[in-house]
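Where a number appears in this text, it was derived from the coordinates with a stated rule and is not lab data. Predicted model only: the values in this text are computed from it and were never measured. Positions of Cβ are backbone-derived with ideal geometry, glycine not excepted, and every protein chain shown enters the neighbour counts.
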Amino acid sequence: MRSDRSRDALRDIRDNIRLAQEFTEGLDASSFAEDARTRYAVIRCLEIISEASRRVGEAVQARHPQLPWSQIASSGNIYRHEYEDVRPEVLWRTVREALRPLLAAVEAELGGER
């Protein structure tokens, strides 16, 4: 059984992936790159996802070994400490492509919970 801490972390990951996707809805990569407010909002979502991933239990991580858990967890350090290196095109690909498998795994773990 998943701990409450792990379940809460999974909810935070799910909710912030959905927010990041919502923030970028209707934009293309170019308009996203020009929209500082949306980039900042997406970065905040990614920071929360990164931090929450550190609280996901080992059992959950073991059930989804295809996910780069350590990379997800460490990405927050880049957003916070190496922010000058964060490129809009990488953020865009992260939201539009890289977060999909993570969201699928999280939703599977939460079992359809809203």
Query - Test item: Cα-centred dipole of the chain, Lys/Arg +1 and Asp/Glu -1 on Cβ, debye - result: 360
Query raised in the report: When the chain is treated as a GNM, springs tying every alpha-carbon pair under 10 Å, which of Ala33, Ala73, Ala20 comes out with the largest mean-square fluctuation?
Result: Ala33
Query raised in the report: Tell me, what ³J(HN,Hα) does each residue in segment 43-54 have, in order and in whole Hz, if you take phi through Karplus 6.51 cos²θ - 1.76 cosθ + 1.60 with θ = phi - 60° and put x for Gly and Pro?
Result: 4, 4, 4, 5, 4, 5, 4, 4, 5, 5, 4, 5
Query - Highest-MSF residue in the chain out of Gly76, Gly26, Gly57 [GNM, Cα springs under 10 Å] - result: Gly26
Query - Karplus (6.51, -1.76, 1.60) ³J(HN,Hα), θ = phi - 60°, over segment 82-97, in Hz, Gly and Pro reported as x - result: 10, 4, 5, 8, 7, 9, x, 5, 6, 4, 4, 5, 4, 5, 7, 10
Requested in this report: Return, for the Cα atoms of the chain, the radius of gyration and Dmax in Å, separated by a comma.
Outcome: 13.9, 44
Query raised in the report: Could you put Val86, Val42, Val60 in order, starting from the residue whose Cβ has the fewest other Cβ atoms within 10 Å?
Result: Val86, Val60, Val42
Report summary line: In the chain, taking the dipole from +1 charges on Lys and Arg beta carbons and -1 charges on Asp and Glu beta carbons about the Cα centre, the listed residue (Val42, Phe23, Leu110) farthest towards the positive end is Leu110
Query raised in the report: Roughly how tilted is helix 99-110, in degrees to the nearest 10 and between 0 and 90, from the longest Cα axis of the chain?
Result: 30
Report task. Counting only GluC sites (Glu not before Pro) that are in a DSSP loop and have at most 13 other C-beta atoms within 10 Å, tell me the longest site-free stretch of the chain. Result -> 26-81
Requested in this report: Towards the positive end of the charge dipole of segment 4-109, with charges on Cβ (+1 Lys, Arg; -1 Asp, Glu), say which of Ser74, Val60, Pro101 has the farthest Cα.
Outcome: Val60
Requested in this report: May I ask you to evaluate 6.51 cos²θ - 1.76 cosθ + 1.60, the Karplus curve with θ = phi - 60°, for each residue of segment 17-30 and list the ³J(HN,Hα) values in order in whole Hz, giving x for glycine and proline?
Outcome: 5, 4, 4, 4, 5, 5, 4, 9, 4, x, 9, 10, 4, 5
